[in-house]
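In what follows, a single structure is set out as structure tokens and then discussed.
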């Protein structure tokens with residue numbers, strides 16, 4: 001997924017969360033991950049899944065589960081040593 005499409009999707013998800021009365025803190029700044037701790041991203045994924053369980057709107061629930069999956073991917077990326 002390209003950067004512009006990802007950004008638009010995340011903004012749409014954040015807006016849907018606000019409209020549903022949920023808050024979502026986006027944790028990327030300038031394209032740089034703010035945490036390289038896999039546990040941080042795993043906790044965020046679990047938090048997103050818990051929010052999805054509370055949501056009644058199916059579209060918002062699906063979007064929140066996509067966020068959880070993205071956080072899982074960030075956890076894997078953070079756990080993978082970078083090659084320099």
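Quick notes on this structure:
- Shape analysis of region 37-84 based on the Cα gyration tensor places the equivalent ellipsoid semi-axes at 26, 10, 4 Å, largest first.
- Extending 7 Å from the Cα toward the beta-carbon at both residue 43 and residue 69 defines two label points whose distance is 2.5 nm.
We did not get these values from a lab; they are worked out from the coordinates using the rules stated. If you're wondering where the values come from, they're calculated on a predicted model, not measured in any experiment. Heads up, the Cβs are rebuilt from the backbone with ideal geometry, glycines too, and the neighbour counts pull from every protein chain shown.
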